[in-house]
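Undergrad: Below: one structure in structure tokens.
The values are calculated or read from the model by the stated rules, or taken from the named source; none is laboratory data. Note that the coordinates shown come from a computational prediction; the quantities given were computed from them, not determined experimentally. Here Cβ is always computed from backbone atoms with ideal geometry, including for glycine, and neighbour counts include all displayed protein chains.
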Amino acid sequence: MMRLELSLLGPLTGRRDGRDLDLGAPQQRALLAVLLVLGGDEPVGTDTIIDVLWRTGSAADPATMVHQYVSRLRRALGPAPGGGRWIERSRGGYVLTGDRVVDLARFRQLRAGGALVEALRLWRGPVAADMPSTVREHPAFVAVGQEYVTAVRAAADSAPPEQVLPLLEQGAAWHPYDEGLQARLLRLLAGNGRRADALTRFQQLRDRLVDELGVEPGADLQRAHRDLLRDPAPATVAPPPAEPARPAQLPAAPAGFTGRTDEMLALDRLAGDSRGVLAVISGLGGVGKTALATHLAHRFAPSFPDGQLFVDLRGFAPVAEPVRPAVALRGFLEALGVPGARQPEDLPGLSALYRSTLAARRMLVVLDNAADEEQVRPLLPGGPGCAVVVTSRRYLGGLVAYEGAEAVVLGPLPAESSRAFLAARLGDARVGAEPEAADRIVGICGGLPLALAVCAAWAGRHPRFPLAAIADELDAAPGLDAFTVAGARHDVRTVFSWSYRHLSDPAARLLRLTALHPGPDVARTTLASTAGQDPAAIRGPLDELVDANLLTERRPGRYVSHDLVRAFAAELVDGDPPAETGEAVRRLLDHYVQTAVAAVHRINANRSHVDCGPVLPGVTPLRFGDQASATSWFALERDNLRAAADLATESGNDSHLWRLSWAVNPYLQHHGGGWQESTALAERALAAARRHGESWWQWYLLNTLGRAAMALWDPVASRGWAGQLVDLGRAEGDDLWTGYGLGALAATYCDLMDPPGPDGAAMAERYADEALRLCDRIDAAGGPADRAASARRLRIAVTPMKAWSLLHGSGGPAAAVRHLHRSLDACRTAGDRIGLQNTWNELGRVHLFTGDHAAAAAAYTEALALLLPHETPRPDMLASLAVCRHELGDREAAARHRDEVLHLIDGVHHSVAQRLREQMRGLDTAGHPDSAVR
């Protein structure tokens, strides 16, 4: 049997039936390497081959040269089995055919199976070691080299030292500047008794880095060197440091991408420029900006080993608001390993943390569909190692003028590229059989890739339809006035209308309903509720829409559509009966309310239930099996929930607005920057509740707004909301509501003034006393158990405020302590662990304020002892205990508590955390903190 063996893990070689092959001159050999690496079993376009072989300077007639090289290679490889050829022409390029043995494929197979040492032994040198630099530096070849580096690292971390040491030495020699390999080699040498060799190698590495690159060794090498100096004879190899988060957020590479050769050449330096590059790709909607950006990003991804970030900024979305820079930054920081609770509250802080996180990384960032320069600037990394690609319908001249961005303006595809686009989707044979009809389709689509994609998708589903009939139908259709393509006889609506008319009725209805969804993407379950159908019943229509390129399944079960498709769908749904459309909007909102409430109760089973209102038939809300899935749903749907609240306002579904506020407020308030968003949503919901005279919802929302203002340290706003809450309670004759308002007023004087002073203390005492009297009246009146429980919670919450007002008012410390001890007795009687803990904490604050550090320490110790095993201590309580221990001379305990506080707030950038951080660090220098931590 004829056997062809090709090897490119080192110099390119070939053998057939055991005999070496002469593969010819370097450029000819390079062409074979390109087919092996970029193609495999798929064709490689002639333009791509030319780009790789002559990147730095084109040959006089490159297409002819490629044809000649292919002919010579065919002769060198000889006939394939069955009399065929090893290299065939296919779809505008060339492809390797027939059964063959390629060492790269064998390496990948062994690596996937865990046989790392055997896989690495296949390498005879760097990939394509004898190729021209234009080939070796191409991103695809660089990526293969990175596969080798990754495999060597993995083997060094897991394989027996005697097997992997020669391979690691070989890899370190081939990649002298890969510090991960070099650090592992130092550790492995030292672990095998060659510490002197390791020290010598480190010095040589340092000299090379300083002399050739002007930099000192990185953190990993420095750490390995310190280990060598500290431990003269380590017994084992130190484990490698944890790898940082490496996001890979790029959408799938566009299928059948063609053309844009000039634009890609202009941006080609992105992959190799170490100074950091900013590129802005602009053009009209549907012209292919995102396709070009993602195609380039996938091509250049191997040159950015720390990963890729991607966000759709929705600058020109027809319904939803553009993504705010702070929202995009939060998503990026999450992907980079910084959880929401550890992120700053404001945009400058978020942007600074983002730049710091990327400072030492080489990352590719794609900012798609930007509205303007101000939306983009906070998202730009500050360091030189990152590249950024921005797409927008606007030119974004500010970025070009002031940030030095590389500007690429996309026009419609040329006719030749448009024909190649159709051929890539429909096949050379079909397009070549009707060249005139294909040219008519290209002309009608106006070189717009989106229109070409939709047209090709429909034609691909009906392979027996002649292209002439498709061209006739396109020619006869009306245009989409709002999205005219310059120079074309028809506009984008022509293609959409034609595609829409060939959808099944269920798919057509579903497309119209997608226009009602206000968010950036939509889940299949949400669409099912909007349509009033079972989720399984819409799989077929959804697949039909995806096949027609009218929807894209971004991730399993979640769909997006292009702006122009949504605009077209919006025109269609405007023609549906208003009552039918109104019911669909109501079902959509029902779905979000019901699902959000279910998620809330899964996260916090103790939260009071609320009436979700009547639900229309056909709504299928989600149910959650655990807290993690419920929390993930909120994170995934956050933008959609925000947009759903806007839709509820616009459509007059006010009850959905205040129920959404109830459901999402806890999630927002526990994620960085969420208090502001919670406030804005609650204010709108409050206005709706007042319009409808919904007293309970007014009480809840006023309470929410007051708590949010407290969290944001805004005493004026907090007192305003609390005063309205008191007024509402008195107007309704409800002692409980009034008591909550009075307690909130007292809290503004206790917690937002430091110290409150005599006047503030008097005001706090007045409001606290009145709230406590109302609690007594509720207890005396009896009534429902839940109302009595609410009154008990109010009493426990107000008691510390009463004590704090006594401390700073006429009562003094002794009165405050007596009051708190009575509260301790009441909490013990009621079996209220939380109340006991809060009261002990307040006693500690009082004693610390008066300078009785021993009593304060005892109180804080009692409070901490009430924690359950799974609960985390409050950092402020631990900080106060650290202060007490420090003042009592127990420096060891103070240091232990101080370190625990700093660990709990590590990476948290909120104002309270910063105050704690400064106080704990002050224990080492000032030694006498002057107040309790508030």
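For every residue, the table says whether it meets (1) polar (S, T, N, Q); (2) outside the structural domain of Asp51 (by TED's automatic domain parsing).
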position: Arg121; (1), (2): no, no
position: Pro126; (1), (2): no, no
position: Met131; (1), (2): no, no
position: Gln146; (1), (2): yes, no
position: Ala151; (1), (2): no, no
position: Pro166; (1), (2): no, no
position: Gln170; (1), (2): yes, no
position: Ala190; (1), (2): no, yes
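Undergrad: Also, I was wondering about something else. Within the set of pairs 6 or more residues apart or between chains, which connect a residue that is among the hydroxyl-bearing types (Ser, Thr, Tyr) inside the stretch 557-576 to a residue that is surrounded by fewer than 19 Cβ atoms within 10 Å (Cβ to Cβ) and in a helix (DSSP H, G or I) with Cβ atoms less than 9 Å apart?
TA: Tyr559/Arg524; Tyr559/Val546
Undergrad: For the stretch 6-22, name all the residues that are surrounded by fewer than 20 Cβ atoms within 10 Å (Cβ to Cβ) and in contact with a helix residue (DSSP H, G or I) (Cβ under 8 Å, 6 or more places away or on another chain).
TA: Ser7, Arg16, Leu21, Asp22
Undergrad: Might you check whether a residue that is more than 29 Å from Arg361 (Cβ to Cβ) and surrounded by fewer than 16 Cβ atoms within 10 Å (Cβ to Cβ) occurs anywhere in the stretch 166-182? Give the derivation first.
TA: Going through the stretch 166-182, the residues more than 29 Å from Arg361 (Cβ to Cβ) turn out to be 166.
From what is left, the residues that are surrounded by fewer than 16 Cβ atoms within 10 Å (Cβ to Cβ) are 166.
Yes - at least one qualifying residue is present in the stretch 166-182.
Undergrad: Output the residue which, of all residues in the stretch 655-672 that are surrounded by fewer than 20 Cβ atoms within 10 Å (Cβ to Cβ) and in a helix (DSSP H, G or I), is modelled with the lowest pLDDT.
TA: Per the stated criteria, the residue is Gln669.
Undergrad: Does Ala415 qualify as being of a type in the set (Gly, Ala, Ser) and either under 24 Å from Thr46 (Cα atoms) or in the same structural domain as Leu467 (by TED's automatic domain parsing) (or both)?
TA: yes
Undergrad: What are the pairs, 6+ residues apart or on separate chains, where a residue within the stretch 146-160 that is more than 19 Å from Gly125 (Cα to Cα) has its Cβ under 9 Å from a residue that is modelled with pLDDT of 85 or more and not hydrophobic (A, V, I, L, M, F, W, C)?
TA: From the stretch 146-160, the pairs are Asp157/Arg184.
Undergrad: Inside the stretch 387-416, can you point out the residues that are in a helix (DSSP H, G or I) and surrounded by 20 or more Cβ atoms within 10 Å (Cβ to Cβ)?
TA: Leu399
One line per residue, one yes/no per condition, for (1) buried (at least 19 other Cβ atoms within 10 Å of the Cβ); (2) not assigned by TED's automatic domain parsing to the domain that holds Leu513:
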| site | (1), (2) |
| --- | --- |
| Asp547 | no, no |
| Leu551 | yes, no |
| Arg554 | no, no |
| Gly557 | no, no |
| Ser561 | yes, no |
| Phe568 | yes, no |
| Glu571 | no, no |
| Val585 | yes, yes |
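Undergrad: Return the total of residues in the stretch 526-569 being of a type outside the set (D, E, K, R), at pLDDT below 85 and in a helix (DSSP H, G or I).
TA: 6
Undergrad: For the stretch 537-585, what are the residues that are charged (D, E, K, R) and under 24 Å from Ser651 (Cα atoms)?
TA: Residues satisfying the conditions are Asp563, Arg566, Glu571, Asp574, Asp576, Glu580, Glu583.
Undergrad: Restricting the stretch 446-464 to residues that are in contact with a Ser or Thr (Cβ under 7 Å, 6 or more places away or on another chain) and at pLDDT below 75, which is nearest to Leu413 (Cα to Cα)? Quick ask: steps written out before the conclusion?
TA: The initial filter retains those residues of the stretch 446-464 that are in contact with a Ser or Thr (Cβ under 7 Å, 6 or more places away or on another chain), namely 447, 452, 454, 458.
Right, trim to at pLDDT below 75 and you get 454, 458.
On the way: Val454: 15, Trp458: 20 Å.
Selected residue: Val454.
Undergrad: Restricting to the stretch 336-357, count the residues that are surrounded by fewer than 16 Cβ atoms within 10 Å (Cβ to Cβ) and among the polar types (S, T, N, Q).
TA: 1
Undergrad: Identify the single condition in (1) more than 30 Å from Leu267 (Cα to Cα); (2) touching a residue at least 40 places away in the same chain (Cβ under 8 Å); (3) touching a Phe, Trp or Tyr at 6+ places or on another chain (Cβ under 9 Å) that Met131 does not satisfy, given that it satisfies every other one.
TA: Of (1) more than 30 Å from Leu267 (Cα to Cα); (2) touching a residue at least 40 places away in the same chain (Cβ under 8 Å); (3) touching a Phe, Trp or Tyr at 6+ places or on another chain (Cβ under 9 Å), only one is false for Met131: (1).
Undergrad: Considering Arg690, Arg707, Arg684, which residue is within 23 Å of Gly760 (Cβ to Cβ), without any contact (Cβ under 8 Å) to a residue 60 or more places away in the chain and in a helix (DSSP H, G or I)? Step through it out loud before you land on a result.
TA: On the way: Arg690 fails: within 23 Å of Gly760 (Cβ to Cβ); Arg684 fails: within 23 Å of Gly760 (Cβ to Cβ).
Matching residue, one of Arg690, Arg707, Arg684: Arg707.
Undergrad: Any residue at all in the stretch 587-609 that's among the basic types (Lys, Arg), in a loop (DSSP other than H, G, I, E, B) and in contact with a Pro (Cβ under 9 Å, 6 or more places away or on another chain)? Give the steps one after another, and end with the answer.
TA: Initial filter on the stretch 587-609 (among the basic types (Lys, Arg)): 587, 602, 607.
Filter once more, keeping what is in a loop (DSSP other than H, G, I, E, B): 607.
Within this subset, residues satisfying the condition of being in contact with a Pro (Cβ under 9 Å, 6 or more places away or on another chain) are 607.
Yes, the stretch 587-609 contains at least one residue that is among the basic types (Lys, Arg), in a loop (DSSP other than H, G, I, E, B) and in contact with a Pro (Cβ under 9 Å, 6 or more places away or on another chain).
Undergrad: Another question, if that's okay. Scan (1) surrounded by fewer than 20 Cβ atoms within 10 Å (Cβ to Cβ); (2) in contact (Cβ under 8 Å) with a residue 40 or more places away in the chain for the single condition Gly625 breaks and write down its number.
TA: Status for Gly625: all satisfied but (2).
Undergrad: If I go through the stretch 68-97 residue by residue, how many of them are without any contact (Cβ under 8 Å) to a residue 40 or more places away in the chain and among the basic types (Lys, Arg)?
TA: So the answer is 4.
Undergrad: What are the pairs with Cβ atoms under 6 angstrom where one residue, in the stretch 332-348, is part of a helix (DSSP H, G or I) and the other, located anywhere, is modelled with pLDDT under 85? Sequence gap at least six, or different chains.
TA: Note: pairs meeting the criteria are Leu333/Gln343; Gly340/His671; Gly340/Gly672; Arg342/Gly907; Arg342/Val908.
Undergrad: In the stretch 510-541, which residues are among the β-branched types (Val, Ile, Thr) and under 26 Å from the mean Cα position of the chain (by Cα)? Spell out the reasoning first.
TA: Narrowing the stretch 510-541 to residues among the β-branched types (Val, Ile, Thr): 514, 522, 525-526, 530, 538.
Across the stretch 510-541, the qualifying residues are Thr514, Val522, Thr525, Thr526.
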